[in-house]
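Q: A single structure is presented below for examination.
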Amino acid sequence: MCIGISFLSVSIGISQAGIYGAFIGSLYVLLVNIFGQYLIIKARNRFKRDETIVDITDLGAKLYGEGLRPFLTIVLVTCNFSFLMAYVMYFGT
């Protein structure tokens with residue numbers, strides 16, 4: 001339900017969930033996204049003077065240790081690859 005390629009399927013989702021269900025579901029996803037962004041910004045502001053934090057993997061390594069860096073890198077690459085694959089499938093058809 002995040003804004004992106006799934007935005008094209010909103011009308012089908014609304015017809016399946018109903019207008020009230022779609023509104024409640026969209027509101028829930030919106031609140032979870034806002035809270036997640038708030039936590040990321042709050043964590044980044046905690047280490048504002050640290051020049052070594054450039055991306056989310058650096059922040060995760062600073063917060064939870066260097067052992068998390070490979071996991072976060074894999075998650076980011078997998079996420080970006082799945083988004084790219086979805087766009088290729090959409091625009092390819």
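Q: By how many degrees, between 0 and 90 and to the nearest 10, does the Cα long axis of helix 10-46 differ from the longest principal axis of the chain?
A: Tilt relative to the chain: about 10 degrees.
Q: Right, next: For the chain, report the % of Cα-Cα distances exceeding 22 Å.
A: Pairs farther apart than 22 Å: 50 percent.
Q: Would you mind telling me the share, in percent, of accessible area of the chain contributed by carbon and sulfur at probe 1.4 angstrom?
A: 71 percent
Q: Report the charge-dipole magnitude of the chain in Debye, nearest 20, computed about the Cα centre from +1 at each Lys and Arg Cβ and -1 at each Asp and Glu Cβ.
A: Numbers: 7 positive and 5 negative charges, 55 e Å.
It comes to approximately 260 debye.
Q: Which loop chymotrypsin sites (Phe, Trp or Tyr not before Pro) in the chain, with loop taken from DSSP, have no more than 14 other Cβ atoms within 10 angstrom of their Cβ?
A: Working: sites: 7, 20, 23, 28, 35, 38, 47, 64, 71, 81, 83, 87, 90, 91; in loops: 47.
Listed in order of number, the matching sites are 47.
Q: Can you run phi through the Karplus equation (6.51, -1.76, 1.60; θ = phi - 60°) for region 51-68 and list ³J(HN,Hα) in whole Hz, with x for Gly and Pro?
A: Per-residue couplings from phi come out as 6, 7, 7, 10, 9, 5, 5, 5, 5, x, 5, 5, 7, 10, x, 5, x, 7 Hz.
Q: Pick out, in residue order, every one of the trypsin sites (Lys or Arg not before Pro) in region 19-93 that is DSSP loop and has at most 12 other C-beta atoms within 10 Å; say none if there are none. Numbers along the way, then the final one.
A: Numbers: sites: 42, 44, 46, 48, 49, 62; in loops: 48, 49.
For trypsin sites (Lys or Arg not before Pro) across region 19-93 that sit outside H, G, I, E and B with at most 12 neighbouring Cβ atoms in 10 Å, the list reads 48, 49.
Q: Output needed: percent of Cα pairs per 5 Å distance bin for region 51-93, bins running from 0 to the one holding the longest distance.
A: It works out to 5, 24, 20, 16, 11, 10, 9, 5, 1, in whole percents.
Q: Counting only heavy atoms of the protein chains, get the accessible area per residue of the chain (1.4 Å probe) and round it to a whole Å² value.
A: Heavy-atom accessible area per residue stands at 84 Å².
The values are calculated or read from the model by the stated rules, or taken from the named source; none is laboratory data. Just so we're clear, the structure is a prediction, and the values are computed from it rather than from any experiment. Methodologically, a virtual Cβ is constructed for each residue, glycine included, from the backbone with ideal geometry; neighbour enumeration extends over all protein chains shown. Just so you know, the surface numbers come from the protein's heavy atoms only, side chains and all, with ligands and any DNA or RNA stripped out. Shrake-Rupley method; radii C 1.70, N 1.55, O 1.52, S 1.80 Å.
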